[in-house]
Amino acid sequence: MKMAATRWLAVILGILGLAVSGAAPLRAQGAGSDPWVVPERRARQKNPLTASEVNHQKGRELYLRECASCHGQTGNNDGRMAPKSMWKARKHTDPTLLTETEGALFWKIAQGRGEMASTRGTLTDNERWLLVLYLRTLTPQP
């Protein structure tokens with residue numbers, strides 16, 4: 001009975017983006033190097049925001065506040081709070097990130113995975129789209 005209660009508490013806190021000690025971590029789609037499959041409908045979503053200096057600056061401010069503690073200021077997964085499993089995550093400077101659609105990036109930011117919490121309860125859709133725009137500036141263009 002206690003195990004079931006602990007698991008339900010983990011589920012509820014996981015939805016809120018929190019963790020509970022002693023409970024198995026919730027995972028959006030597996031962990032580590034498992035493929036992170038995005039639903040096709042979500043991957044086709046288009047960013048309603050346009051790339052501009054103002055939007056890039058807003059995205060940068062959000063990234064530094066919400067993401068850099070783990071992903072690092074330049075997207076190399078070297079933030080001061082990065083868990084040991086971060087080495088498995090694709091860096092935001094990886095050129096293969098350019099193959100991801102904006103909709104896929106938006107969905108992944110919203111969903112979270114492994115130790116990366118969902119942002120559905122902490123960021124607005126507009127903020128997530130700003131982050132997508134900023135992520136594109138971290139990846140070297142061919």
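Structure above, values below:
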| item | result |
| --- | --- |
| Unmet requirement for ALA5, which otherwise passes all of (1) part of a helix (DSSP H, G or I); (2) at pLDDT 90 or above | (2) |
| Count - residues of region 110-119 that are under 17 Å from ASN47 (Cβ atoms) and assigned to a loop (DSSP other than H, G, I, E, B) | 1 |
| Residue that is farthest from LYS84 (Cα to Cα) [pool: residues in region 104-128 that are of a type in the set (A, V, I, L, M, F, W, C) and at pLDDT below 95] | ALA117 |
| Number of positions in region 15-49 that are surrounded by 12 or more Cβ atoms within 10 Å (Cβ to Cβ), among the polar types (S, T, N, Q) and at pLDDT below 50 | 1 |
| Odd one out for SER85 among (1) touching a residue at least 12 places away in the same chain (Cβ under 8 Å); (2) more than 22 Å from THR122 (Cα to Cα); (3) in contact with a Ser or Thr (Cβ under 9 Å, 6 or more places away or on another chain) | (3) |
| Residue check, THR139 touching a residue at least 12 places away in the same chain (Cβ under 8 Å) and more than 21 Å from THR50 (Cα to Cα) | no |
| In region 32-49, residue farthest from HIS92 (Cα to Cα) [restricted to those that are in a helix (DSSP H, G or I) and touching a residue at least 24 places away in the same chain (Cβ under 8 Å)] | ARG42 |
| Residues being part of a helix (DSSP H, G or I) and surrounded by fewer than 16 Cβ atoms within 10 Å (Cβ to Cβ) - total across region 89-109 | 4 |
| Matching residues, region 50-81, being buried (at least 18 other Cβ atoms within 10 Å of the Cβ) and in a loop (DSSP other than H, G, I, E, B) | CYS67, GLY72, GLY75, ASN77 |
| THR101 being among the β-branched types (Val, Ile, Thr) and either farther than 14 Å from LEU138 by Cα or at pLDDT 90 or above (or both) | yes |
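The values are calculated or read from the model by the stated rules, or taken from the named source; none is laboratory data. Given the structure is predicted, the values throughout are model-derived calculations rather than measurements. A quick note on method: Cβ atoms are made from the backbone with ideal geometry, for glycine too, and the neighbour counts reach across all protein chains shown.
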